[in-house]
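The structure that follows is given in the form of structure tokens.
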Amino acid sequence: MLTKDLLRVSRAGGGFHPQFATREHRPLAARVIGTYQGHVGERRATLESALTDLERDADDFKLVRGLSALVERESTFETDAAIDPERARKAAFEAAESVDVVDRDERAMALIRAGESLSLSADELEHALYADLDDRQVLASVEPRWDPDGLLAQYNLSLAQTALFDATEVRVRSNDPKALVSAIKRLRLMYEIHNPDAAVGTTGDIASNRKIVVTGPTHLFRATRRYGTRFARLLRTIAKADEWHLEATIDDRGTERTLSLSHEDPVGVPDAEPVADVTFDSSVEADFAARFSQVGLDWDLVREPEPLATGTRVMIPDFAFEYRPAGSTRGNSSDAGDGGRGDFRVYFEIMGFWTPEYVEKKLSQLETLEDVALLVAVDESLGVGEEIETRDHRAIPYSGTVRLKDIVDVLREYETDLVRESAADLPDEFTPDADVIELETLAARHGVSTDALADKRYPDHEFIGRTLVRPAVLDALRAELESGLAFEEAEAVFAEYDISDSSAALAELGYRVEWEGLSGGTVVER
């Protein structure tokens, strides 16, 4: 996608027609790629000057800028300095204060002093002072994924996507409707299928295919950029079909216009994958996901899980928390409510600042969900927490950001229940065949967490840390260990018996390690 200021469209006849690049623009695409490749090792300012010259020679400067924007995403710029510029500036400013810089000579003296403190010459320090400014950064490498023809194809796709930023409704017919609907659900767009009972004609007969209408935000509340971005992302799926036709209603600065595209336009999907894709719908979601990833819980955060059926509609929650207890096998997820033995899933929806109409639609969806563990973080300003809980779902109020502790506390409650349920289904006593077995391995065999095994009896084994060991193995270890043995040798002995917790094993056998600095340690009796 391109930025909106690079959009090239014609509004002739009241329409909204993207001005696609054609074969005749191939030399220009080659010059743009060559300009970047020819300026590797030079400052950004020098590169931009060359691109400006290219714009002057071209018929449309926006086309040059659009092609350049795509190539720049494949480029790497670096700061060329002998020292971090921030550190250089700090040293220079401190030296300037000490000599009370007024004129050029005093400035030179300050740079010399600062350079000496950093083991740099005054010239090296001066070069580093502002080397991190954009125009002074150096083009380190450029590795475009496209040849000139590929660049033009990527440009046309990006231009068409940009034209969809301000769409309020998109109407599509495709000879691959299954892939289209799947993408619509994945992107969490609202849609309707017209003429669902119409007979589907022969392959490639678009007119006989069902029309899918994807509605935008203005039908419910004010338009937001993220919906336009979703429409743009959807175009990648649409354009992959052999035959398709798209008609979109565009809000062109208050004027309603119609955009029409089809497989006959130069809009395709280049083989190369996009550099980046939009992951989150709001900063609240992105912020929560980033903070949750830093917490060491037995729950995996899944972005946009599988759709949930809500009557005749479909709802895709923002996230799902998948319970993966320590020691469990990370296989396929099971449905929520899985009795605690396998994976358990809690769905998580962040209900932001929405209009009453949209909130009502969301609440009606929640009402039809059955046998689903759903947690809803709801903006306090909406005041619908009680209504959510009357629909048997947990509501967590938030303002600005979702408090991580509130979510963790709820997950801990689920964890406690899951451990209790898992433990209730297990025997009171375990007699593993193995002489040595880690508790996590035993838990994985039974599809439970290690906590569920904590209060069980193990008559044939003793605990060494988190490992079950038969007494005969302990006797054999006692025979092999002796005071004065190097710690590394003791570890090798334990490894032969598949015991990884050497410290716990030594303690059980009545030894400790006497460390000798960084050179190692010696086993001695406690």
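Coordinate-derived values only; no laboratory data. Since we're looking at a predicted model, the values are computed, not measured. Note: ideal-geometry Cβ built from the backbone for every residue, glycine included; neighbour counts use all protein chains shown.
Given the peptides 184-190, 395-401, arrange them by the average over their residues of other C-beta atoms within 10 Å, most packed first.
Averaged packing, sorted descending, gives the order 184-190, 395-401.
Working from the alpha-carbon coordinates of segment 436-525, get Rg over Rh, Rh being the Kirkwood radius.
1.03
Determine which lysines satisfy two conditions relative to LYS240: a Cα distance under 19 Å, and not lying fewer than 8 residues away in the same chain.
Partners within reach: LYS178, LYS185, LYS211.
Hey, another quick one. Whole angstrom only: what separates the Cα centroid of segment 360-407 from the Cα centroid of segment 53-70?
49
Starting from the Cα of ASP435, step 7 Å along the direction of its Cβ; do the same at ARG403; then give the gap between the two resulting points in nm.
The two pseudo-label positions are separated by 5.4 nm.
Please report, in Å, the Rg and the Dmax of segment 400-454, where both are computed over Cα atoms only.
15.2, 54
I've got another one for you. Kirkwood Rh and Cα-based Rg: tell me the resulting Rg over Rh for segment 1-97, rounded to two decimals.
So for segment 1-97, dividing Rg by the Kirkwood Rh gives 1.18.
Evaluate the Kirkwood expression for the hydrodynamic radius of segment 81-130, namely the inverse of the mean inverse distance over all pairs of different C-alpha atoms, and round to one decimal in Å.
10.2
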